[in-house]
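Okay, structure first, notes after.
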Amino acid sequence: MKFTAGQAAKAVGKSMPTISKALKTGRLSAKKVGNRYEIDASELFRVWPKATDSEGLPLDTGKPSSLSLVNPKINYEIKALQDALNAERKLNSEKDGRIADLTQRAERAEQKEDAAQAQLVGLLTDQRDTPRKGFWGRLKG
């Protein structure tokens, strides 16, 4: 698979000037065809890893998948699967929000429990300023 400089920038999440500088310094090798560069995918990913989203999935490079070029009928199935994936991601994010809310509630309940326990310990302990005298100390004065 070959990339142009723009496609390469999108694929690795870098800017065009970064790709151009890497080509000029020799950090990234490519074949020049006319006034454009053809960058081999293995060479590009040798220098930089593929760009991924927050869930670790590769970002869309803007090129149609090779499957959709072979069989246009598969586009409907791909769209349905993408919609299902988006629905699952939304559901997953809602669950993450609920988990975060429940975690905060549990932490607050634990803090209240700790405060109540400290109050109980304070009530059950001797709070007098003067030390308590024993039997002989009270007898003698």
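The values are calculated or read from the model by the stated rules, or taken from the named source; none is laboratory data. Because the structure is a prediction, the values reported are computed rather than measured. So basically every Cβ, Gly included, is an ideal-geometry build from the backbone, and we count neighbours across all protein chains shown.
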* Asked: Take the residues of the range 1-45 that are assigned to a helix (DSSP H, G or I), loosely packed, with under 12 Cβ neighbours inside 10 Å and within 29 Å of the chain's Cα centre (by Cα): which is modelled with the highest pLDDT?
  -> P17
* To do: Any chance you could count how many residues in the range 47-73 are closer than 13 Å to F3 by Cβ and modelled with pLDDT of 70 or more?
  => 4
